[in-house]
Amino acid sequence: MKIPMLDLRGQYLKIKEDIDRSIQDVVDSCSFINGPAVHEFEKNLAGYLGSGYVVGCANGTDALQVAMMALGLQPGDEVIVPSFTFAATAEVVGLLGLVPVLVDVDETTFNIDAQGIVKAISPKTKAIVPVHLFGQAAPMEEIMKIAREHSLFVIEDNAQALGAKYTFADGTQKYLGTIGHIGCTSFFPTKNLGCYGDGGAIFTQDSKLAASIKMVTDHGQKVKYHHDIIGCNSRLDSIQAAILNVKLQHLDGYSAARYSAARIYKELLSGLEEIVLPTEVPYSNHVYHQFTIRVKERDKLREFLASKGIASMTYYPLSLNKQEAFMPISAVRVPLDNSEKLASEVLSLPMHTELNLEIQQNICEAIKEFYKS
Ligand SMILES: *Cc1c(COP(=O)(O)O)cnc(C)c1O
């Protein structure tokens with residue numbers, strides 16, 4: 001029996017009729033670029049998030065780049081990013097000639113450490129990019145307070161936690177991605193809301209900023225062929241939008257399925273001293289983009305599981321300060337010990353919407369067998 005990380009096919013088969021029809025409708029209409037499905041999806045997602053503006057774009061990496069361009073960040077400006085994240089978060093910072101300033105993460109939540117942000121701020125700092133890693137929130141209330149005190153922009157990298165909500169100290173709740181000045185997400189097929197190719201979106205509550213974002217994604221033009229600024233070409237295509245219109249209706253169900261799979265993992269692995277299970281913060285629900293455990297002998301466990309046909313993945317094997325690309329361009333002002341330690345200990349187990357008890361029992365039995373021998 002082979003156990004893969006994902007089961008995109010199983011998920012598709014359950015909604016095949018609706019998906020196939022939505023794709024065929026676009027093909028029949030021949031509105032491949034900026035068709036009605038795109039506007040419908042932007043409206044639907046804004047409705048789901050409960051407020052603000054949504055602008056589709058080509059992928060999550062572009063979403064981050066467009067956000068920084070729309071905020072007018074200039075070469076040499078500093079942007080604070082976590083040192084433990086997918087490279088795209090910091091890559092666009094480098095691409096625009098900005099300086100990524102790396103800040104460590106909390107070792108139990110995997111998310112950026114607010115106190116580290118304060119220590120890393122300089123007169124050149126312009127923005128903070130918290131990442132809601134693996135499916136739950138970075139400490140947004142503290143981050144927004146720091147940003148207000150230092151007049152910084154906050155761009156949420158919400159590629160991994162779409163559908164999760166933040167609960168503030170006063171009890172109010174907001175969807176992740178709608179708290180900072182701009183929120184970014186990805187619809188890469190393996191994300192919690194995935195399309196069947198590349199896709200992304202940018203959120204903001206500010207109508208002026210929304211207009212700038214739209215302009216940046218569309219060659220810097222507001223009026224066709226009148227280019228006011230240097231922008232780029234970053235579009236969510238109509239077929240992907242049509243697929244997303246179907247899948248958005250299932251997002252809450254998908255989040256619930258992931259959460260219940262996480263519960264089952266925690267139950268099945270509860271007795272094992274060798275494993276540190278993922279924790280849940282009180283200020284956010286968890287939509288388990290990944291179920292990530294921490295273990296010593298990580299690579300040996302991974303090989304053992306592979307020998308039994310069980311997939312697992314290391315997200316991420318290097319912290320950003322250890323990546324060739326970032327060494328010459330990033331600034332490090334605080335110790336990054338947790339990020340480096342996590343990079344050597346983390347292992348993500350299969351996590352998707354189609355898991356069942358039998359699959360999870362097989363995975364957990366294999367893990368137990370590894371630690372017995
Ligand atoms: C996936 C991801 C991105 C990039 O999204 P793409 O659509 O693949 O460009 C950015 N940040 C994080 C944290 C991600 O997980």
TODO: Go through region 104-126 and count every residue that is in contact with a Phe, Trp or Tyr (Cβ under 8 Å, 6 or more places away or on another chain), among the charged types (D, E, K, R) and not in a loop (DSSP other than H, G, I, E, B).
DONE: 1
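Residue-wise test of (1) touching a His at 6+ places or on another chain (Cβ under 9 Å); (2) more than 24 Å from GLN290 (Cα to Cα); (3) acidic (Asp, Glu).
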position	(1), (2), (3)
MET144	no, yes, no
HIS150	no, yes, no
ASP170	no, yes, yes
GLN173	no, no, no
CYS184	no, no, no
Task: In region 149-179, the residues that are open to solvent by less than 10 Å² (accessible area, probe 1.4 Å) and within 14 Å of the ligand (Cβ to nearest atom) - done: ILE155, GLU156, ASN158, ALA161, LEU162, ALA164, LEU176, GLY177
- [ ] Check whether at least one residue in region 330-341 is open to solvent by 50 Å² or more (accessible area, probe 1.4 Å) and farther than 23 Å from VAL79 by Cα, and report yes or no.
- [x] yes
TODO: Name the single residue, out of those in region 183-215 being under 14 Å from the mean Cα position of the chain (by Cα) and outside any loop (DSSP other than H, G, I, E, B), that is farthest from the ligand (Cβ to nearest atom).
DONE: PHE203
Task: Matching entry among SER284, SER312 (being in contact with a strand residue (DSSP E or B) (Cβ under 6 Å, 6 or more places away or on another chain) and within 12 Å of PHE134 (Cβ to Cβ)) - done: SER284
- [ ] Specify which of the listed residues (ASP20, ASP7) is touching an Asp or Glu at 6+ places or on another chain (Cβ under 6 Å) and of a type in the set (Asp, Glu).
- [x] ASP7
Open item on the list: Just to check your reading of the model, which residue among GLU340, GLU365 is over 30 Å from LYS14 (Cα atoms) and part of a helix (DSSP H, G or I)?
Closed with: GLU340
Open item on the list: Anything in region 17-65 that is hydroxyl-bearing (Ser, Thr, Tyr) and exposed (fewer than 13 other Cβ atoms within 10 Å of the Cβ)? List them, or say none.
Closed with: SER51
Open item on the list: Here is a list: ASN34, ASN111. Which entry is under 27 Å from LEU248 (Cβ atoms) and away from the ligand (no atom under 16 Å from the Cβ)?
Closed with: ASN34
Open item on the list: Just to be sure I understand the filter: pairs with C-beta atoms under 6 Å, separated by 6 or more residues or on different chains, first member in region 84-99 and in a loop (DSSP other than H, G, I, E, B), second member near the ligand (Cβ under 10 Å from one of its atoms). Which pairs pass?
Closed with: THR85/VAL131
Task: Subset tally (residues that are closer than 15 Å to ILE202 by Cβ and either not in a helix (DSSP H, G or I) or not assigned by TED's automatic domain parsing to the domain that holds LEU95 (or both)) for region 217-247 - done: 7
Task: For SER31: the one exception among (1) at pLDDT 95 or above; (2) not assigned by TED's automatic domain parsing to the domain that holds ALA242 - done: (2)
- [ ] Tally the residues that are within 16 Å of the ligand (Cβ to nearest atom), under 23 Å from ASP218 (Cβ atoms) and surrounded by 24 or more Cβ atoms within 10 Å (Cβ to Cβ), restricting the search to region 66-86.
- [x] 3
TODO: Output yes when any residue across region 127-148 is open to solvent by 10 Å² or more (accessible area, probe 1.4 Å), in a loop (DSSP other than H, G, I, E, B) and within 16 Å of the ligand (Cβ to nearest atom), and no when none is.
DONE: no
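The values are calculated or read from the model by the stated rules, or taken from the named source; none is laboratory data. Being a predicted model, the structure only gives us computed values, none of them experimental. We place every Cβ from the backbone using ideal geometry, glycine too, and count neighbours over all the protein chains shown. The protein model used for the area step is the full one, side chains on, heavy atoms only, and it has no ligands, DNA or RNA in it. Shrake-Rupley method; radii C 1.70, N 1.55, O 1.52, S 1.80 Å.
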